[in-house]
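The values are calculated or read from the model by the stated rules, or taken from the named source; none is laboratory data. Quick caveat: nothing in here was measured; it's all calculated off a predicted structure. Here Cβ is always computed from backbone atoms with ideal geometry, including for glycine, and neighbour counts include all displayed protein chains. Keep in mind that these areas ignore ligands, DNA and RNA; they rest on the heavy atoms of the full protein, side chains included. Shrake-Rupley method; radii C 1.70, N 1.55, O 1.52, S 1.80 Å.
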Amino acid sequence: DKGRIALNKLISSAWMEGFYYKPRIDLKKVKELLGDDTENLIVCSACLASKIAREKDYEKCKQYIDEYKSVFPHFYLEMQSHDVPEQEEYNKKILKLSQDTNTQFIITTDSHYAQKEDSEYQKYHVAIGRRSNVKGAEEITETYKDCYIQSEQEIHKIMDSQIGYNNVCTGLNT
């Protein structure tokens with residue numbers, strides 16, 4: 001419950017004080033709001049849209065990780081199970097960062113819908129969110145093709161060739 005309360009504080013501040021096109025909050029504000037009371041939060045580095053993913057300078061990525069770990073004791077590097085070259089490259093980067101910064105990694109599925117069969121409904125959901133018609137629905141469906149709750153077997157099928165069987169097992173068991 002303490003983690004939920006802390007998260008509510010951060011979300012409220014992001015919406016009320018940090019809103020600029022989207023709700024935002026920086027680490028300085030997190031420290032101001034929560035102090036050292038962040039042990040009840042689990043924080044992950046996120047997907048291909050994250051700060052670490054977009055940063056080309058590897059040393060800067062390591063600095064970002066150190067900053068996150070200094071604020072959040074339960075900070076994990078996150079890999080996602082997608083069968084696209086950009087994700088494979090990022091997963092390999094995360095694996096190396098994990099080794100170089102002594103930071104545990106996890107594997108998640110970027111779950112925008114529950115089951116593979118629900119992808120048909122996702123395109124309508126996205127079209128409504130974008131306030132557009134469903135033209136280009138195939139493109140929307142392709143963008144979200146692996147974004148469901150995958151089984152361990154499906155994750156292994158995608159990721160074993162990317163980072164190796166043992167690393168997949170480690171990421172799933174963290």
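General observations
Results for (1) closer than 20 Å to H74 by Cβ; (2) exposed (fewer than 13 other Cβ atoms within 10 Å of the Cβ); (3) in contact with a strand residue (DSSP E or B) (Cβ under 7 Å, 6 or more places away or on another chain), shown as yes or no for each residue.
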position: Q87; (1), (2), (3): no, no, yes
position: K92; (1), (2), (3): no, no, no
position: L97; (1), (2), (3): yes, no, yes
position: D100; (1), (2), (3): yes, no, no
position: K123; (1), (2), (3): no, no, no
position: I128; (1), (2), (3): no, yes, no
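- Candidates T38, T108, filtered to the one that is open to solvent by less than 70 Å² (accessible area, probe 1.4 Å) and farther than 21 Å from Q162 by Cβ: T38
- A Cβ distance below 8 Å, combined with a sequence gap of six or more or placement on separate chains, defines the contacts here; from region 97-118, residues that are over 16 Å from T170 (Cβ atoms) reach residues that are in a loop (DSSP other than H, G, I, E, B) and at pLDDT below 85 in the pairs T109/D146; D110/D146; H112/Y144; Y113/Y144.
- Any hit, region 28-43, residues being without any contact (Cβ under 8 Å) to a residue 24 or more places away in the chain and within 19 Å of the chain's Cα centre (by Cα): no
- Total residues in region 134-174, condition at pLDDT 95 or above and small (G, A, S): 4
- Complete set of residues in region 66-83 that are touching a residue at least 60 places away in the same chain (Cβ under 8 Å) and open to solvent by 50 Å² or more (accessible area, probe 1.4 Å): D83
- For region 42-59, the candidate set comprises residues that are assigned to a helix (DSSP H, G or I) and open to solvent by less than 80 Å² (accessible area, probe 1.4 Å); within that set, the residue that is nearest to T101 (Cα to Cα) is Y58.
- When restricted to residues that are of a type in the set (K, R) and either within 21 Å of Y64 (Cβ to Cβ) or not in a helix (DSSP H, G or I) (or both), region 1-41 contains 5.
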